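Okay, so here's the structure we're looking at.
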Amino acid sequence: NYTDVPNIDSLKASGTTYDRGWVGQLESVTPACHATIGSGCFPTTNGGILGFWWKDPSTGLDFNSVPLNGAGADPNSLSVIMDNAGTPTMAEYLKRHDSRAKVYTASGQKFYAADAVGGVHADYTSYYHVTPDGRWGPTCIEGRQLPQEMLNRPDLTINTDSPTGQQDAMVGDLAVDVVRRERPRIVILNLPEMDWPVGHRDGGPLDPGQVAILMKNADNILGKLVEEYKGAGIYQDTV
């Protein structure tokens, strides 16, 4: 009820919605949830992807599956954990069916979301990082890089203090370009701004104006992707 979302409403009207869907996973946190989305496996069977900081109750030792230590963070830590555990992924199963099929996953600043949801079998995994000149710009996890010219577009680099929704919008604009040029069979996008800074810092009910901006923005991104799929003639073959 925060704002109008015509593209989401259109998909709801022509598709199927669930008002009592339940996954049954305790950890409502980005790393655990995205690992589950991409694999269908809970932490008990995906290598133990939990949250950011977890203390072993028997030893008192801290464990963090996502090393968030600034520039030294390992952006593919979660996919490595999942792969070492033999965790199945959507990307892996698709490629068993069609070895030529491509998989693209992306986020803004949440590299761990894009990494976990795609796994090591994704072809392209992009996210936003702080560039040497102090701005937000797109980059990719090593071994899962997009063609460099797609990342070098000046319109995909923004100031770190840009208005609400700019980072999410850039994720969407790059995704449209990837769909147009690479035709991935699976596309999974994480739009992080609703979570941080708005959700964690302010809480939705405390800042409805920011929530409305991000909802409209996400709806607009979805609309652009739908139009791209329609223009490519593949919309009717797309879930």
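Brief remarks follow.
- Along its first, second and third principal axes, ordered by size, region 195-234 spans 42, 15, 9 Å in Cα coordinates.
- Percent accessible area from carbon and sulfur atoms, region 1-151, protein chains only, probe 1.4 Å: 53
- Using alpha carbons only: equivalent-ellipsoid semi-axes of region 53-174, gyration tensor based, whole Å: 26, 22, 11
- Descending Cα extents along the principal axes, region 1-49, whole Å: 39, 21, 18
- Here the relative contact order of the chain, from alpha carbon pairs under 8 Å that lie six or more residues apart, stands at 18 percent.
- Neighbourhood charge, 14 Å Cβ-Cβ cut-off, centred on VAL178 and excluding it, Lys, Arg +1 and Asp, Glu -1: +2
- Average accessible surface for region 149-237: 51 Å² per residue, computed with a 1.4 Å probe over protein heavy atoms with every protein chain in place.
- Rg and Dmax of region 1-103, Cα atoms only, in Å: 17.6, 52
- Solvent-accessible area per residue, Å², over region 28-147 with all protein chains present [probe radius 1.4 Å]: 47
- When the chain is treated as a GNM with alpha-carbon contacts under 10 Å, the residue of PRO147, PRO163, PRO43 showing the greatest mean-square fluctuation is PRO163.
- Whichever lysines have a C-alpha closer than 30 Å to that of LYS55, once near sequence neighbours (fewer than 8 apart) are set aside: LYS110
- Selected from PHE52, PHE111, PHE63 as most flexible by GNM, with the chain as the system and alpha-carbon contacts under 10 Å: PHE63
- Percent of beta bridges antiparallel (DSSP, the chain, rounded to nearest 5): 55
- In the chain, the convex hull through the Cα atoms has an average projected area of 14.5 nm², a quarter of its surface area.
- In nm, spacing of pseudo-spin labels at ASP4 and TRP22 (7 Å Cα→C-beta vector): 3.6
- Most mobile of GLN109, GLN210, GLN25 in a GNM of the chain (Cα contacts under 10 Å): GLN25
- FRET efficiency, 1/(1 + (r/R0)^6) with R0 25 Å, evaluated for ASP155 and ILE234 via beta carbons: 0.50
The values are calculated or read from the model by the stated rules, or taken from the named source; none is laboratory data. This one's a predicted model, so the numbers in the text were calculated from it and none came from an experiment. Here Cβ is always computed from backbone atoms with ideal geometry, including for glycine, and neighbour counts include all displayed protein chains. Ligands, DNA and RNA are stripped out before the accessible areas are found, and what is left, the full protein with its side chains, is counted by its heavy atoms. Shrake-Rupley method; radii C 1.70, N 1.55, O 1.52, S 1.80 Å.
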